[in-house]
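Down below is the structure, laid out as structure tokens.
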Amino acid sequence: MRYSLVVLGFLALGGVFFASSAVAQGRVTATPERSTSQVHANQLAIESSRDTEQTARLDVVDQKDAAFAACGDAGRLWGPGHVLSDGNGCITALTIGADGRVLLTGGLQIGTGNTCDPTRAGAFRMPPSGGAPEYCDGTSWRVDW
């Protein structure tokens, strides 16, 4: 009997210790509750921020698209990083006129390719040995054009 009282007393003390420990932990880790309206307001603020970022990105895309279209409408290539580009990013050294003429500023340099076959018919080259420009008739390079 004496032994069982000690065990019961120990269990009772352990139970009290466990219960008070749980209450203390509850106090330490407890956080203030947020109201539903605060949580909703925070979510709306995050969504609004995301919408603003997305709108800013779309504005940049729209501006670049408009500049690209303006270059194309003027018969020019768009190359905003090119040394000869204007304020809109159009390369001004090359223009294709409404009549199909290609207008160049600074000249045209023709390569020295060796292959002349049906897929290259109409191509021009500067012969490797020098001399007059040649054109490919689909089978050989010719000077008499």
query: Using the Cβ atoms and a cut-off under 13 Å, what net charge is assigned to the surroundings of LEU94, where Lys and Arg are +1 and Asp and Glu are -1?
result: +1
message: Take SER48 and VAL61, extend 7 Å from each Cα along the Cα→Cβ direction, and tell me the distance between the two endpoints in nm.
response: 2.4 nm
task: Note down the nm distance, to one decimal, between modelled labels 7 Å out along Cα→Cβ at THR92 and at ASP144.
output: 4.5 nm
query: What span do the alpha-carbon atoms of region 30-84 cover on each of the three principal axes, reported in whole Å from largest to smallest?
result: 67, 20, 7
message: I need the calculated FRET efficiency for the pair MET126 and THR105, taking r as the beta carbon distance and R₀ as 22 Å, to the nearest 0.05.
response: 0.60
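Could you work out the local net charge near LEU58, counting Lys and Arg as +1, Asp and Glu as -1, over the other residues with Cβ closer than 15 Å to its Cβ?
On the way: positive: ARG50, ARG57, LYS64; negative: ASP51, GLU53, ASP59, ASP62, ASP65.
Net of charged neighbours comes to -2.
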- prompt: Which trypsin sites (Lys or Arg not before Pro) in region 64-130 pass both tests, a DSSP loop state and at most 10 other beta-carbon atoms within 10 Å?
  reply: ARG101
- request: Could you please report the charge total around TRP78, scoring K, R as +1 and D, E as -1 over all other residues with beta-carbon less than 14 angstrom from its beta-carbon?
  value: -1
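Values in this text are rule-based calculations from the coordinates and carry no lab data. Just so it is clear, the structure is predicted and the values come from calculations on it, not from any experiment. Methodologically, a virtual Cβ is constructed for each residue, glycine included, from the backbone with ideal geometry; neighbour enumeration extends over all protein chains shown.
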